[in-house]
Structures are given as C-alpha cells and as structure tokens.
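The next block holds one structure in the form of structure tokens; read it before the comments.
The values are calculated or read from the model by the stated rules, or taken from the named source; none is laboratory data. Here the structure is a predicted model, which is why all the values come from computation and not from measurement. Quick reminder, even Gly has a Cβ in these numbers, built from the backbone with ideal geometry, and neighbours come from all protein chains shown. What goes into the accessible areas is simple: the full protein's heavy atoms, side chains included, and nothing from ligands, DNA or RNA. Shrake-Rupley method; radii C 1.70, N 1.55, O 1.52, S 1.80 Å.
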Amino acid sequence: MQTFVRTEMLTPQAPPVTERGVVKWLRENLFSSALNIGLTLLGIATLYYVVTLSLPWLLNGVWTASSLTECRSIIAQNAGPDASGACWAIIHARWYQFIYGFYPPELYWRPVLAFGLLLVALAPILFGDNARNAGLLVSIVSALTILSLFLVNMPMWLFLALSAGLILASYLAYTRLNLLWYLTLLYPFLTVWLLWGGSLWGQVSIMAGFGVLVAAYRLLSPRLGVPIATGIGVVAAVLWWLLLDDKVAEAMQHLIPLAITPIESDKMGGFLLAFIIGVSSISLSLPIGILLALGRQSDMFLVKALSVGFIEFVRGVPLITMLFTASLLLQYFLPPNTNFDLILRVVILVTLFSAAYNAEVVRGGLAALPKGQYEAADALGLDYWQAQRLIIMPQALKVSIPGIVSTFIGLFKDTTLVTFVGLAEPLRGITTIVRADINWKGVYWEPYLFVGAIFFVVCYGMSRYSLYLEGKLRTDHN
Amino acid sequence: MANALQTNMTQEVAIQITAMNKWYGTFHVLRDINMTVQTGERIVICGPSGSGKSTLIRCVNRLEEHQQGQIIVDGTELTNDIKNIDKVRSEVGMVFQHFNLFPHLTIMENLTLAPIWVRKIPKAEADETAMYFLNKVKIPEQAHKYPGQLSGGQQQRVAIARSLCMKPRIMLFDEPTSALDPEMIKEVLDTMIGLAQDGMTMICVTHEMGFAQAVANRVIFMDQGQIVEQNEPREFFNNPKSDRTKLFLSQILGH
Amino acid sequence: MTLAADAPKESFRLGMLIYDTRYRSITIQVIVLILALLFVAWLVDNTRHNLAIKGKDIDFSFLWRRAGYDIGQTLIPYTNDSTHFRAALVGLVNTIVVAVIASILSTVLGVVLGVLRLSNNWIVSRLIGVYVEMFRNVPLLLWIVLIGTVFSETRPQPKDFKVVEGVSKASMSLWNSVAVTNRSTNIPMPMLDRPLPAVGGIDTSLLFIIALIGGCIWVNRLLLRRARIVQETTGIRPVTWYQSLLVLILPTVAALMAMGFHLEYPVFKGFNFQGGISFDHAFSALTLSLTLYYAAVTAEIVRSGIQAISRGQSEAAFALGLRPGRTMSLIILPQALRVIIPPMISQWLSLTKDTSLGIAVSYLDLRGTLGGITLNQTGRELECMLLMMLIYLILSLIISAFGNLYNASVKLKER
C-alpha cells in the first residue's frame, strides 16, 4: 500500500519554453499539420492578392476633383499612367445626396435633429432599468447631435435653443429617466412634423385623437368594463380623425400660426428615406407582430386560423410583390379618390411584411417560456390581458429582442428594394442619379463602396448589439 | 484488507505516471503527478472542484495532452504517436459525468458502434456482447430505444455497458453520479460495485464517500493540481494527515 | 337558504357573453368573424367601385393573347408570338433555374466555408469571418447591382474580340475557351460527334447518359451494401473507394468517348459570338450574387450547427477509440445535419423569394414577365399581381412542406 502525505504544497511553475509564446501559437494555429500549412499558405496568398489589388487603388484615391476625367488625370500625374486609383471626389461632391436625398440643404438641421432625438427617445426603451447607461447614451448622442447641428446651416438662436434642450435631456437621463418616456411617446409626431414640416397643429390634433381614446377608456371602463370601453374609445377616436381632425387643426393654425416650411415626400431620399421606412415599419410592426403571435397561440380556432393564414401568406411571397402591391394595387382596395403618399403606402405594406416576421420571433419567445409562468399568472387571478401585459410579454419580449434586432437588420437592408417603386433610396436610387451625371459617368465602385460601408456599419453594429444581448440573456437565466 | 471486497492484486503495473505536468495556457493545472496503479486496483480520487482531478484521468486516455513527464498505460507510453493513442484508448474505457451517449443511435447501436468500427468484430458477435452487458447492467429490455427515452440512471448504466463492450482492461469514471437525481445514484453505484467484484482496474473521480469506503483500495486527495494525500480508505477517512484533507472531509461529510 | 336555491337556476344574461368562460370565446370569435367579413367586404366593394370608375373588370383571358415581347433566356420553346401564359411559364422556369442553381452553389460553397471557419487555422478562419460579415451586413441588392454593373461596364464589347491583322483589343480567358463580353458570358458547349438517333424530338443521347449515371450510382450502392454485409459478418470492412471511383466514372467516360464527346468553343463571327453556351449577364450577376450572399449565411448555419453538437460527443467517441475522421462521419455529422437542415431549408426559401431581385439587372423571371412586361402591356394589375403572388406562395409552401417532412423524419426520439 502506497501512502503519501504532502507536507509542502508546490507553487505553480511557468510552462516550458516550447509550450508558450509566439512559437507555440504559430505551431498550434498555423502549422500544426500538413493540411494546416497548406491552408495557411492559401490564406496568405488570398490576403496578398486582395491587398495588392485594392491597396494601391485605395491609396491613390483622389478626394478633390470636379469630374471623373479630372480624377483620372490627377491619378496619372501622381502615380504614373497605368496606376489605378479611387475617385473619392464623387463622394466628396455628392455625399449629402446619399444621406439626405433632395432635402433642401438649408433645412438639413431637421433630419439631423430627428435622428439625434430618435436615439434619445430610444434610451428609456434600451436601458430603462439602467440610468447610468441611458445617461451615457443620451449624453454621447446629444454631443454628436450638437456637433452635427453646428456643422449644418441654421439660425444661431435655434442652434442655441436646441443645444440647451439636448443638454437638459442628458441631465434628465441621468437624474430622472422616467421623464424621457414623454419624449419617447411624443417622438413619432415630433419627427413627422420635423421632417415634413407644415403646421404643428396637424400633429397636435392627431395626438388629440389618442387623447380622446384614452379619455373615453378612463371614463367608461369602470362602468362598462374594459372591452366595451376600448371599443367605444376606438370608435370615438376614429370619428375624431375622420370628422374633426382637419377642422380643428385649421382653426388653431388661424388662431396661433405655428408652421415650418413644408417639404414634399419626393424630396426624401438617401439614408434619410431608408431610416424613415426602416424605423417606422419596425416600430409599427412590433405591436401587430405581438398580436399575431398571440393569435397564433390562441385556442380560438378562427383567431388562430386568421393569424396563421396572414403570417404564412406574407412569409410566402417576396417583399418586392408587397411593394408593388403598395404602388399598384392599394389604389384599388381603398375608397375611390383616396390618394395618399407613396412613402406612407410603402410603410404600411412593409409594416405588414415585417409584422409577420416579428410574429414568428415573438412566438419563439413565447414558446421559450416555461408553462409554469402561465399557470402562476392564472393562479394569481389575473385575466388574459393582465397576465400577458404583466407576466408573459415582458419575459417573452426580452427573450425575443435578439430576434427582433435581426428582423430589423434584415428590414433595414430590404429598404433598398423601394427603389423599384420609384423611391430614391441610397443604394440604387441615388447612385443611379449620381452616375447619370455627365461628370461622373463611368464611376461604379466608389458610390457602391460608400453606401455599402454605411450599411455595413449600421447592420454590423446592430448585430453586435444583438449578440451582446444574447450573451446577457444567457447569463441572466443561469 | 480495507473492505470486504476480494482483490486479486498482482504486481503487474497498469498505469505508471511519472513527474507529469500540464498547463492550460499559462495556468499550471497538474503539478508533478507521480502515481502507480496496479492491475486490479480500485482508486478513488477526490478533491474540491478545480483541483485537476478530472483533468488527471482525462490525461490517462489522452483526451487532454500533458506537456511534461511520462504516462505509461499497460506498457504503452502516451506520446503524439497516433498508434499508441489508439492502442491505449481501446484498452481504457471511460464513463462521463453527462453520459455522452449518442442520441441519434439506439442503445444497441451505441453499444456496438466501437466494437464494429474499432475492434472490427462481426456484427452478430458485437450484438451478442452488447446484450450480455445490457443484461449485466440490468436493462436488456431497453435495447431498441433511444437514449433520450431513458432515465438518467439508465443512461449512465448504458454508458458503462458501452465502455465494457470494448472489453477494456482499465475503466475511468469521471464523476459518474454527480449529474443524477438522488434516487438514481444507487443503481449506478451498484453497477460499479458489481464491476469491482469482477476484478476490474478502476480509477474513479467521485464524491461518493460511501462508495470509496466500500470499494476502493486507495483514496487519493487532490488540491491545487497536486496529490496532497493518499492512503487506504479506512485510514484516509478516520485519520487524515493533512490539514487540507481534514478541511475537505469536514465539508463533504457535512459535520 | 335562498343562496343555495338561487345557485343552480342560472338564467342567461347578456353580460355572460363577455364574462362567462363558456360563451366568451364564442363571442370573441363571432366579433372577429364579423369584423373580418366587414373588412373583406369593404375591400371588395372598394375594388368593384374603383374598377368601375376605370372601366375595367377582372378577366384572365389576356393570358391567352399574344405576348409580343422577346425573352433573352428561354429554356422552353417561346417566341414573341406565344401567349402571355407561355411567357409567364418561361419566367417561372427562369425563376426556378436561378433558385436551384444558386441554392446548390451557395450550399456547397457555404458548407466548405463553414467547416473552414471552424478549422483551428487562425488566418483562414479570420478571412472567412471577414467574408461572412461583409456579405451578411450589406444588402443583397448591392451585390446584384454591383456585380451587374461591373460585368456590363468593365467588360469589352463583343466586337473588341474581333481579330484584326492578328491582334484584338480583348482576349478570351481560360485558354481561349471563355469570353466575357459586356453582354454575356460565353463558355464552351459539350457536343457529341456520334449522338444516338433522336426519337420523336427527344434527345436520346442525353437520356442515355443520365440513365447510365443513374445505373452507376445504383451499382455503387450495391457495392457499398455488400461491403457492409461483409463487415457485419467478418468484422472487416473491405476497401471500396477505388472500386466506387471506377464504377462511378469509367462507364460514363467510356460512353462519352464512344459517342465522340468534344467541346464546341465560342467563336467571334459577324457581330457577336457564335457557338458555345451564352449566359446573359442578368443571369450570371443574379446567380453569382445570390450564391455569394447565401454562402455567407449558410457558412454561419453550418458553423453553429456543428458547434451545437456538444464536445462531449466527440470526447465519448475518442474515448471509445474512434479516429477523428470516423467520429466526424458517424457521430458529429449525423447529429449536426439535424440542426443544420431546418435553417438551411428556410434559407433556400428566402433565396427563392430573393430571385425576384433579378429586376435590378432586368432578369426576366416570373416577376419580370408576368409581373413586369405582361402587367405593363395589358394593364391588368390585379390579375397579374394576384397570379404572381399565388405562384410564389405555392413555391414557398412546397419548399416548407419538404422541410416539415424532413424534420418529422429525423426528429430525435425523446421521452
């Protein structure tokens, strides 16, 4: 029998030289076997090929020139007659069109402010439970927005007022984050007003419609119960919008004029348009998607059948057919002589499209919930909607956020398809217009690279965020 | 003798580990391990989590590589030579904490896979061996089900039978009962005791101190990647020498 | 005891429609039904009015009238005298051709990339990571438009390939066999000197070759089955790979040689290339970009599929003495496939829908014919869009039906 007692514990030693450092790393990661050596050589060859092909082109790039011919002559002068080089001058000359479309340059502050406020309004949603992160986000965004506002044309007094407002928002985000929720609620109306301009009273009176709904609900629900009160509220709001909305807005405008320069929809383009369609569709589609997901889970045959039918239909056809429906068919389905904005029509159809995808994501989130959660909610005596609102949805949505972000990335990339119904999105719409310019005829890599790079930054950033959330969810649950 | 079990210990060496060291990156997980296992010996290794006990037995069939020192299993030294590794692995069976049965194959296919592809045994013969060992672990009726249809305890017994089908000379157990519900632990331990009675050479990482007292010839206590104490079970439990061992035993026995 | 007497005598009250669990679900369903019917009626009524205002009706007879336009790529007989229906059919075939080819190519490329991404070779795995992120995070449309533009704007015109006094402005690539002009890619066409006689307009040589390959595959399966039986009885698996290779390749090569197989190279004659096979750039750009884009997506699916199989599985196989190759083929792949195939099927589905982006390079697929030129010529928006959506829907449903069948057949049995 071997017996043994250690009296003195051994201290850790450093690994032997052959087992550490660069040599070991190289041996394990690049040269561990014949196959691996082959792969390494192949990888290096590919890298070499790509770099030798693109690096001179990038380095020889010209930033200031007035036409492609001038670009080429400068490159020939600098780097020799056979050298290739990028003509970044086209980006330098036309970048604003890729970003703002045909928006009047003196009003660029409006989209800039709208975008800045979007991130501020998102802060309570993204970091509602963490004032420090929300404050950080809002401060950074405010600083960048103030900087951008400083760079575009605008009256000095307005700049100072807006800067003060943004600084106040940063302060509120740190101290009283809940107040920012009001901005989040107001944001849709504010942005529509900022981007399209016109009378502020139009937006206010649309908001008033929601006020009517809430008031009716508050007044009637104690007496008539939730479903009937909601029904009456909706009817009242619809009546308001159909009958009184315009008149009230007009009257108020007469009384107190509050209008800024109106901008037509055909002036919207570039990434501005992509963001308008992407952000409005995803935010509108989320509630519809949740309802569809609940419908699909429902025990009621009819509700379930309608939801499944809608989801499967939308997921079965290409987005492009939905867009053509917006541009060609919607005019048939709506009452005669209703003729509304193409952007709005596209937003409606894209919303329906992404609602079906969001519904599937949320359904996944619902399926991931343990059955005990439903039973616990029932046991507490909550009714269906209370259970959904207080117990089920907060958990299911949390699990679904990475999926929703992925849907949004897909949707944001798909906004480029609106070019086929004649909207000037950045990728093909604006690029085609720019390339049609006689000065820049023959340029193709540079504008596509520029647009692609912006898409890449936005989408890659969001996918990282979604990965971070997934990781966080996993640790939360363990 | 330490316990009631008969031991046919010969002076034949099954495993010889000499001055073995292992690092994960720069972390020194196993420090100067020296250990000899005779054929027929039953060794229990215990120690706090992160003490390197699982890593040690995983080195014995080279699921982990060691960087210094020597491991000789049944006369074959473990080096980078694939032939040696193959030889050792077909002589050494291993049972894992999470069973690691192949979920896409039936119990029967799980049991016959390695004999057919590694030992090159005709299928009929492999089937016969498989049924023999399924009987031995007392679940012959589950032969044509899939692992997902069995309870945890049954799965672990299948995993033991799967290793036995390779007719190993040495068995390694890596915390075989720690993923099981309490009522299933006994059925697995009974299977292992049966194996010990048949004279199998066993190294078992476990916290089942009852099992150690009933079956082991020797208990090894590890901490911080080194062997701190080893002794025959009665002495080990009743009269621990090292402070670390005393502390560990007081924690694990709960008084 | 008035309370006890009251309880069973339950008369129907209006409120029970909402608050009684027995009636509640029926009430809600009736309301939903009424709302849905009202909505549909509203849509139909609007449509009727709008059609009346425009003096239109719903009529599918236009499908049988003369189309009057040409289609560049026709895989079934079509002239501009054919009907709109025929044109739609040609478009559908074009859609399916791109979908099938791009699915196959992207799957093959994606699997290779996904496996390489997992290799422990640092440089290769990083390069593939860059490739995957680059393609996934940029709109597919960008690749289609960019590749289409590069093809049509950087390549020389066909006439530049004309040899004048021993020189030409542009030269063909790959040993003078492939010519990429600004309109199309011309590659050699396989031809037979001594083809089998055609019977009733059917190419019997092609049929023969297909049948031969099918036969070879069948013989190979027999061979493998025999190997398995030998293994089961003796325990030793006979070495079969060289026999398989012979059986699979030799007969086909021999038959092709006997029939006088050769390649017909594209040659510049007159104004364009003659002979060989010519692919429109619309087709090439669409197929290429779909392939590259979906290969990136597939690579991610394959990578995560293989990673989803726990390390314990390969460790258990190693501990039993199985070599890494066998572990891969017997343990990891069969399990990884179950994880990989369902998302792959939904990728093929998205790819099929995304073929409609061929509009960016004017590829005449279903959208281009039925939903494009036919729609514009006849002004039948409702009918064309309805038909087109229906056909896409059916394609999608067929693909997902296959997916569900597969999933049901390989589902792991659990308690």
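Observations on the model:
- The GluC sites (Glu not before Pro) of the range B:57-90 meeting both criteria, a DSSP state outside H, G, I, E and B (loop) and at most 14 other C-beta atoms within 10 angstrom of the site's C-beta, are B:GLU65.
- Projected over all directions and averaged, the alpha-carbon convex hull of the range A:371-461 occupies 8.6 nm².
- In terms of overall dimensions, the range B:80-156 has a Cα radius of gyration and Dmax of 13.4, 42 angstrom.
- Trypsin sites (Lys or Arg not before Pro) restricted to DSSP loop in the range C:29-90 with at most 16 other C-beta within 10 Å: C:LYS56, C:ARG65
- Per-residue ellipticity at 222 nm computed for chain C from its helices equals -20500 deg cm²/dmol, with DSSP H segments shorter than 4 residues left out and the rest contributing -39,500 (n - 2.57).
- Taking both sides together, the accessible area buried where B meets C is about 2700 Å² for a 1.4 Å probe.
- Pairs of Cα atoms farther than 22 Å apart, the range C:53-210, %: 71 percent
- Across chain C, C-alpha contacts under 8 Å between residues 6 or more apart give a mean separation that, scaled by the residue count, equals a relative contact order of 22 percent.
- Cα Rg over Rh - the range C:50-115, Kirkwood: 1.27
- Counting Cβ atoms of other protein chains within 10 Å of each Cβ in B:196-207 and taking the mean gives 0.
- Coarse-grained scattering of the range B:111-194 at q = 0.14, 0.15, 0.17 Å⁻¹, given as base-10 log I(q)/I(0) from a Debye sum over alpha-carbon atoms: -0.47, -0.53, -0.68
- The range A:363-433: trypsin sites (Lys or Arg not before Pro) falling in loop per DSSP and having at most 10 other Cβ within 10 Å: none
- Mean projection of the Cα convex hull over all viewing directions, computed for the range A:3-162: 22.8 nm².
- Over the C-alpha atoms of the range C:324-368, the Rg to Rh ratio, Rh being the Kirkwood estimate, stands at 1.35.
- Calculated translational diffusion coefficient of the range A:194-266 (37 °C, 0.692 mPa s; Stokes-Einstein with Kirkwood radius over alpha-carbon pairs) equals 244 µm²/s.
- In nm, spacing of pseudo-spin labels at B:GLN251 and A:GLU70 (7 Å Cα→C-beta vector): 7.6 nm
- The range A:327-469 - percent relative contact order, Cα under 8 Å, separation 6 or more: 22 percent
- Intensity falloff of the range A:368-408 expressed as log10 I(q)/I(0), Debye formula with alpha-carbon point scatterers, at q = 0.16, 0.25, 0.26, 0.35 Å⁻¹: -0.43, -0.79, -0.82, -1.14
- Across peptide A:28-35, the mean count of Cβ atoms from other chains lying within 10 Å of each residue's own Cβ comes to 3.
- Counting only whole DSSP H helices of chain A, the ones at least 24 Å long by C-alpha along their axis and with mean Kyte-Doolittle hydropathy no lower than -1.0 are A:34-59, A:109-126, A:131-151, A:156-175, A:177-196, A:200-224, A:270-297, A:342-368, A:393-414, A:445-477.
- Take each peptide in A:293-302, A:236-245, C:140-149, count the other Cβ atoms within 10 Å of every residue, and average; sorted highest first, the result is C:140-149, A:293-302, A:236-245.
- Convex hull of the range B:1-111 built on C-alpha atoms - directionally averaged projected area, nm²: 9.6 nm²
- Geometric extent, Cα atoms of the range C:272-354 - Rg, Dmax (angstrom): 19.2, 65
- Fraction of accessible area attributable to carbon and sulfur, the range B:7-163 (%, probe 1.4 Å): 50 percent
- 5 angstrom amide H check on C:GLN274, placed H, neighbours 5+ away: C:VAL267, C:PHE268, C:LYS269
- Square roots of 5 times each gyration tensor eigenvalue, C-alpha, the range A:280-408, largest first, Å: 32, 15, 13
- Contour minus Cα-Cα distance for C:GLN377 and C:ASN176 (0.36 nm per residue): 68.1 nm
- Förster-model FRET efficiency, 45 Å R0, B:ASP190 and C:VAL115, C-beta, rounded to 0.05: 0.55
- Peptide B:231-239 is shielded by partner chain Cβ atoms: per residue, an average of 1 of them sit within 10 Å of its Cβ.
- Entry note, chain B: the mean residue ellipticity at 222 nm calculated from DSSP H runs of n ≥ 4, each adding -39500 (n - 2.57), is -11500 deg cm²/dmol after division by the residues and rounding to the nearest 500.
- Total accessible surface hidden between A and C, rounded to 100 Å², 1.4 Å probe: 5100 Å²
- As a length-normalised measure over Cα pairs under 8 Å and 6 or more apart, the relative contact order of the range A:148-298 settles at 23 percent.
- A:LEU126-A:LEU291 FRET efficiency (beta carbon distance; Förster radius 22 Å; 0.05 resolution): 0.45
- Comparing B:VAL118, B:VAL137, B:VAL92 in a Gaussian network model of chain B (Cα springs below 10 Å), the most mobile by mean-square fluctuation is B:VAL118.
- Separation between Cα centres of the range A:103-128 and the range A:216-275, rounded to whole Å: 22 Å
- For the range B:22-172: Kirkwood Rh in Å [reciprocal of mean 1/r, alpha carbons]: 16.9 Å
- Rg/Rg_ref, the range A:48-89, where Rg_ref = 2.2 N^0.38 Å and atoms are Cα: 1.11
- Å² per residue, accessible surface of the range C:253-384 at 1.4 Å: 37 Å²
- By average C-beta atoms within 10 angstrom, highest first, the peptides C:216-222, B:83-89: B:83-89, C:216-222
- Overall, chain A carries a charge dipole of about 580 debye about its Cα centre when +1 sits on the Cβ of Lys and Arg and -1 on the Cβ of Asp and Glu, all other atoms neutral.
- Average 1/r across all pairs of distinct alpha carbons in the range C:353-415, invert it, and you get the Kirkwood radius: 13.7 Å.
- When the P(r) of the range C:215-364 is calculated, the portion above 25 Å amounts to 64% of the C-alpha pairs.
- Convex hull volume of the C-alpha atoms in the protein assembly as shown, normalised per residue: 286 Å³.
- In terms of distances greater than 27 angstrom between alpha carbons, the cross-link table entries B:LYS53/B:LYS186; A:LYS413/C:LYS411; A:LYS304/C:LYS54; A:LYS304/A:LYS398 yield A:LYS413/C:LYS411; A:LYS304/C:LYS54.
- Cα-only Debye scattering, chain B: base-10 log of I(q)/I(0) at q = 0.09, 0.14 Å⁻¹: -0.39, -0.97
- Accessible surface of chain A, 1.4 Å probe, proportion on carbon and sulfur as whole %: 69 percent
- In this structure, the amide hydrogen of B:ILE220, modeled 1.01 Å from its nitrogen in the peptide plane, lies closer than 5 angstrom to those of B:VAL44, B:ILE45, B:CYS46, counting only residues at least 5 positions away or on a different chain.
- The distance separating the Cα centre of the range B:41-74 from that of the range C:297-329 comes to 24 Å.
- Put simply, chain A fits an ellipsoid with semi-axes of 44, 38, 24 Å; these come from the alpha carbon gyration tensor as the roots of five times its eigenvalues, largest first.
- Disulfide-incompatible cysteines by the Cβ rule (no partner under 4.7 Å) in the protein assembly as shown: A:CYS459, B:CYS46, B:CYS59, B:CYS165, B:CYS204, C:CYS216, C:CYS384
- Projected onto their three principal axes, the Cα atoms of the range A:84-175 cover extents of 52, 36, 18 Å, largest first.
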